[in-house]
Amino acid sequence: MSAHAQPKLDTAWHTLEAPRSLELLQSDPRAGLSQSQVSDRQTKYGLNELEETGGRSSFEIILDQFKNIMLIMLIAVALISGVLSFLDWRSGALEPGEIPFKDTIAILAIVILNGILGYLQESRAEKALAALKQLAAPRVRVVRDGKTLEVDSQDLVPGDVMLLEAGVQVSADGRLVEAVNLQIRESALTGEAHAVTKNANLHLPEETSLGDRINLVYQGTEVIQGRGTVLVTGTGMRTEIGKIAQMLQAVESEPTPLQQRMDQLSKVLVAGALILVAIVVIGGLIASRDLGRFQSLLETSLSMAVAIVPEGLPAVITVTLALGTQRMVRRQALIRKLPAVETLGSVTTICSDKTGTLTQNKMVVQSLHTISLSPTVSGHGYSPEGEFLSGNTKLAPTEHPELGALLLACTVCNDSILQHDDGQWGILGDPTEGALLVVAAKAGFERDQWSSKLPRVAEFPFSSERKRMSVIVEDAAGLLQAETDFLATPYLMLTKGSPELVLERCSQIQIRDRVESITPSQRQQILDRNNSLAASGLRVLGFAYKPLPDLPAEGSDEATETELVWLGLVDMLDAPRPEVRDAVERCRKAGIRPVMITGDHQLTAQAIAQNLGIAKPDDEVLTGRELERMSLQELEEHVDHVSVYARVAPEHKLQIVKALQDRGKIVAMTGDGVNDAPALKQADIGIAMGITGTDVSKEASDMVLLDDNFSTIVAATEEGRVVYTNIRRFIKYILGSNVGELLTIAASPIVVAAGGVPLTPLQILWMNLVTDGLPALALAVEPAEANVMNRPPNHPGESIFSRGLGLYIVRIGIVLALLTISLMAWSYDYAQQGGNPERWKTMVFTTLCLAQMGHAIAIRSNTRLTIELNPFSNPYVWGSVILTTVLQLMLIYVAPLRNFFGTHVLSFTELMICFGVSLLMFVWIEGEKLFFRLYFRNRKP
Ligand code: ATP
């Protein structure tokens with residue numbers, strides 16, 4: 001084959017041996033593809049992406065807009081006013097120059113415009129979510145040009161050598177080249193919930209069904225356990241999941257509880273509007289006993305129906321939530337499920353992992369401890385330069401068999417890679433293991449060298465439940481046997497893990513070049529050392545080994561990892577993140593309790609929790625073992641007082657979330673491993689780690705921390721509160737105006753019986769959508785008030801109208817109505833005295849609009865006066881007020897607009913009267929703030 005000939009992909013890969021598959025795809029398990037092969041194949045096969053077929057089509061999105069009950073009502077109003085216009089036109093009642101069917105056309109135009117706006121907003125929101133999805137897209141470890149590196153999953157090509165480990169989501173279809181304890185959950189593809197154990201060494205008959213092809217892996221499935229090396233055979237739409245064109249990984253855009261409640265509210269309002277229409281028309285006819293009034297009564301009731309419904313509200317809520325997610329992403333919190341934005345404002349308890357979230361996850365080994373030596377290690381970061389010092393004396397570790405063996409274990413019992421890129425040392429993999437590679441490299445132990453001298457032949461991988469890992473290497477060349485006196489078997493198992501657990505499995509101890517039975521006092525000495533290191537906040541690992549005459553069977557970890565020979569302890573410093581202490585303080589002020597849940601030792605956990613202010617010295621600490629002995633009820637009794645859970649396994653997290661929720665808490669819970677997924681799903685806000693988190697945990701989460709940082713959770717809760725406060729603010733603003741309009745229209749037959757309805761449906765729509773809508777949008781971006789994190793969380797599930805909001809709407813609606821009704825009463829009589837007798841209607845219309853401008857300015861803060869606020873902190877409010885006022889004036893003074901909207905020219909004095917009355921609205925709200933301030937000050941003891 002020429003270098004550019006491309007392999008055929010529609011081969012039955014499961015029938016072939018791995019080497020044959022590698023040959024067909026011109027790949028190599030050690031070196032992978034070369035960069036030029038990758039570019040060639042990318043050109044030929046395209047990106048490894050699924051075409052989105054699951055989402056709604058544009059047509060469906062448009063259609064959905066018109067399913068909104070408010071729009072349906074507007075269409076009905078348009079049709080009825082069409083019939084009324086038709087009657088006017090036939091009876092010749094139209095005024096000269098008046099456009100027939102104007103209201104109908106205008107309302108329909110607004111309905112269509114609203115539909116288009118809704119469509120644009122929704123497709124923008126879908127695009128924004130797609131962009132978020134891109135941010136959350138997995139990275140994949142591959143071998144290319146002989147090097148292990150991480151690439152975006154979309155860059156994979158057939159022939160790539162992909163590395164799998166527990167927690168990753170498989171990003172392409174492939175033939176296994178190597179599998180170690182590899183278990184994969186394929187439910188996304190086969191619906192089968194149980195994990196399948198994979199085997200690289202088989203080749204299977206052609207007719208083997210998809211679920212039984214245990215030598216293949218498929219895109220979209222999840223690695224639950226173990227490790228594997230895979231030859232990529234299918235990417236993008238050529239994968240099994242691509243064939244059934246199912247979309248995975250969608251960032252869900254379900255409506256939030258608030259949106260659902262608002263939907264219900266609009267249904268109630270529309271029903272209310274219909275009842276109102278019936279009452280006005282039927283009641284009016286009965287009261288007047290005059291059928292001739294039917295048309296004018298119907299006109300009044302239509303205006304009222306339009307006035308009562310907040311047409312602009314759903315759009316403003318959608319925009320606010322979308323802007324909220326964007327602000328959060330700028331603060332490194334990626335929202336995967338829209339309801340999370342709202343729930344964040346109600347969080348009362350944040351359960352956080354320690355390593356990486358509260359600490360920096362940049363581990364540096366401080367010292368090593370064998371039974372007879374305890375050297376400290378100098379040096380910084382991941383640079384493999386430093387010395388071993390015993391007191392002030394330099395020490396050569398390789399001259400001490402115990403230390404040499406301990407450092408060998410650090411190197412060999414390790415899955416990470418130490419890299420030197422762009423002049424900087426870095427780690428690919430787990431930072432704990434990285435630190436061990438660095439300390440071993442300081443003594444001259446290089447992992448590459450040792451992995452060829454002592455090839456790994458089996459392993460029992462690390463998991464948070466086991467809290468240890470072992471690798472089994474083959475000493476084929478008799479290297480260790482020649483160099484040391486204590487190894488006389490062909491295989492060697494090296495184990496590392498939580499010190500107490502590893503020590504429990506030891507029966508012997510390495511003392512210099514001898515192996516002796518371990519005595520109880522030696523055990524105690526090791527445990528005491530472990531405790532004193534942990535109590536100073538250090539992370540400590542224990543190491544042991546075992547010579548093996550034979551290769552153990554797969555899955556025999558419990559039996560094999562016994563009778564070990566103790567080597568020593570390694571401690572490392574993982575400094576707390578400096579910004580977390582402040583974040584914890586902010587949590588406390590905001591009525592949110594931070595809780596640490598960690599797999600680490602209780603003393604390490606406690607020391608760090610105290611350092612960060614999460615726990616006090618006498619706070620209760622619970623360990624995984626204690627949790628196991630407790631029932632859910634017993635745990636519920638403790639859960640309010642415990643700030644630190646140590647040595648826990650992921651299944652305990654689920655227990656803790658449930659207990660907290662049973663106590664009425666709203667829980668945010670972090671997690672990174674495969675087995676954290678159930679707890680993340682159970683929590684009110686499941687939070688996955690963007691950097692260290694597994695794909696499985698991200699998939700289960702509501703929110704992803706792009707920087708893995710605890711402070712980001714606190715920032716996101718703050719943004720959640722701001723969003724909720726702003727939504728409440730513009731709901732007050734918009735509904736207050738609706739009540740004002742409604743009462744004004746309702747009062748008109750009484751106040752100006754012969755004058756007709758002051759506002760046409762068209763003018764009301766203009767107010768609801770434009771003159772209320774624009775300032776409401778501006779209020780949606782009001783920055784956080786200073787006290788947003790100084791008050792307790794919002795009560796979850798509280799009505800949006802609670803805490804005085806409903807009362808405010810009614811109160812302000814009445815004040816607005818009283819202002820406009822007084823103006824109406826006066827201006828009606830005044831207008832009859834000369835000039836255009838209809839211009840009182842324009843005065844009422846203008847006053848309602850302008851009063852809302854004052855309202856918009858004053859409502860920016862509930863407690864602080866406008867003069868106390870920084871006018872530039874939300875320039876949009878001022879911008880929208882100016883723009884809306886200009887638009888309103890254009891409706892009066894630009895002739896075509898005037899004709900269309902049915903307004904009349906006002907004189908300068910009349911306009912100033914409108915401004916003057918409107919100003920009273922602003923004065924009233926500011927007065928209310930002053931009144932409440934004085935009232936509460938006087939009530940304070
Ligand atoms: P957190 O849950 O806060 O992230 P953690 O990293 O300590 O803390 P786990 O990853 O569950 O939690 O680790 C639990 C324990 O297992 C650790 O305290 C350590 O003793 C041990 N351990 C961690 N990483 C490894 C590893 N790579 N190999 C062997 N043992 C490990």
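The values are calculated or read from the model by the stated rules, or taken from the named source; none is laboratory data. None of the values given here were measured: they were computed from a predicted structure. Here the Cβ positions follow ideal geometry from the backbone for every residue, glycine too, while neighbour counts run over all protein chains shown.
Inspect the range 631-642 for any residue being touching a strand residue (DSSP E or B) at 6+ places or on another chain (Cβ under 9 Å) and over 27 Å from Glu585 (Cα atoms) and give the result as yes or no. Checked the range 631-642: no residue is touching a strand residue (DSSP E or B) at 6+ places or on another chain (Cβ under 9 Å) and over 27 Å from Glu585 (Cα atoms).
Take the conditions (1) touching a strand residue (DSSP E or B) at 6+ places or on another chain (Cβ under 6 Å); (2) modelled with pLDDT under 90; Gly555 misses just one of them, which is (1).
Per-residue answers, yes or no, for (1) in the same structural domain as Gln661 (by TED's automatic domain parsing); (2) assigned to a helix (DSSP H, G or I); (3) not basic (Lys, Arg):
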residue: Ile608; (1), (2), (3): yes, yes, yes
residue: Asn611; (1), (2), (3): yes, yes, yes
residue: Lys616; (1), (2), (3): yes, no, no
residue: Val621; (1), (2), (3): yes, no, yes
residue: Arg625; (1), (2), (3): yes, yes, no
residue: Glu628; (1), (2), (3): yes, yes, yes
residue: Glu636; (1), (2), (3): yes, yes, yes
residue: Asp640; (1), (2), (3): yes, no, yes
residue: Tyr645; (1), (2), (3): yes, no, yes
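In this structure, Ser390 does satisfy being in contact with a Leu (Cβ under 9 Å, 6 or more places away or on another chain), away from the ligand (no atom under 16 Å from the Cβ), of a type in the set (S, T, N, Q) and over 27 Å from Gly613 (Cα atoms).
Within the range 905-920, which residues are surrounded by 12 or more Cβ atoms within 10 Å (Cβ to Cβ) and aliphatic (A, V, I, L, M)? Explain how you work it out, then say what you get.
From the range 905-920, those surrounded by 12 or more Cβ atoms within 10 Å (Cβ to Cβ) are 905-906, 910-911, 913-920; that's our starting set.
Result: Val905, Leu906, Leu911, Ile913, Val917, Leu919, Leu920.
For residues in the range 492-521 being within 14 Å of the ligand (Cβ to nearest atom) and not in a strand (DSSP E or B), which is surrounded by the fewest Cβ atoms within 10 Å (Cβ to Cβ)?
Quick first cut of the range 492-521, residues within 14 Å of the ligand (Cβ to nearest atom) only: 493-505.
Now restrict to residues that are not in a strand (DSSP E or B): 498-505.
Numbers: Ser498: 19, Pro499: 29, Glu500: 16, Leu501: 15, Val502: 24, Leu503: 21, Glu504: 12, Arg505: 20.
Taking the candidates together, the pick is Glu504.
Selection of the range 538-567 for residues being within 14 Å of the ligand (Cβ to nearest atom) and in a loop (DSSP other than H, G, I, E, B) yields Leu538, Glu561.
Taken together, the criteria place Val570 among residues that are within 30 Å of Asp513 (Cα to Cα) and either part of a helix (DSSP H, G or I) or within 13 Å of the ligand (Cβ to nearest atom) (or both).
So how many residues does the range 406-423 have that are in contact with a Phe, Trp or Tyr (Cβ under 8 Å, 6 or more places away or on another chain) and more than 10 Å from the ligand (Cβ to nearest atom)? The number of residues fulfilling the criteria is 9. Somewhere in the range 597-609, is a residue within 16 Å of the ligand (Cβ to nearest atom) and without any contact (Cβ under 8 Å) to a residue 24 or more places away in the chain? Within the range 597-609, not a single residue is within 16 Å of the ligand (Cβ to nearest atom) and without any contact (Cβ under 8 Å) to a residue 24 or more places away in the chain. In the range 808-848, the qualifying residues are those that are modelled with pLDDT of 90 or more and in contact with a Gly (Cβ under 6 Å, 6 or more places away or on another chain), and the one that is farthest from Lys732 (Cα to Cα) is Ala817. Kindly provide the set of residues from the range 522-537 that are in a loop (DSSP other than H, G, I, E, B) and crowded, with 17+ Cβ neighbours inside 10 Å, ordered by number. Correct list: Gly537 only.
I want to confirm something. Restricting to the range 888-941 and keeping residues that are among the charged types (D, E, K, R) and assigned to a helix (DSSP H, G or I), which single residue is modelled with the highest pLDDT?
Glu926
The set of residues in the range 196-235 that are hydroxyl-bearing (Ser, Thr, Tyr), farther than 27 Å from Asp676 by Cβ and outside any loop (DSSP other than H, G, I, E, B) contains only Thr233.
Just one of (1) within 13 Å of the ligand (Cβ to nearest atom); (2) touching a residue at least 40 places away in the same chain (Cβ under 8 Å) fails for Asp684. It is (1). The set of residues from the range 283-312 being closer than 27 Å to Asn768 by Cα and among the aliphatic types (A, V, I, L, M) comprises Leu297, Leu298, Leu302, Met304, Ala305, Val306, Ala307, Ile308, Val309. The set of residues from the range 644-672 being within 14 Å of the ligand (Cβ to nearest atom), among the small types (Gly, Ala, Ser) and surrounded by fewer than 23 Cβ atoms within 10 Å (Cβ to Cβ) comprises just one member, Ala649. Scanning the range 854-885 for residues that are surrounded by 15 or more Cβ atoms within 10 Å (Cβ to Cβ) and either under 25 Å from Val752 (Cβ atoms) or among the hydroxyl-bearing types (Ser, Thr, Tyr) (or both) gives Gly854, His855, Ser861, Thr866, Tyr876, Ser880, Thr884, Thr885.
For the range 673-694, the tally of residues that are surrounded by fewer than 24 Cβ atoms within 10 Å (Cβ to Cβ), of a type outside the set (A, V, I, L, M, F, W, C) and part of a helix (DSSP H, G or I) stands at 4.
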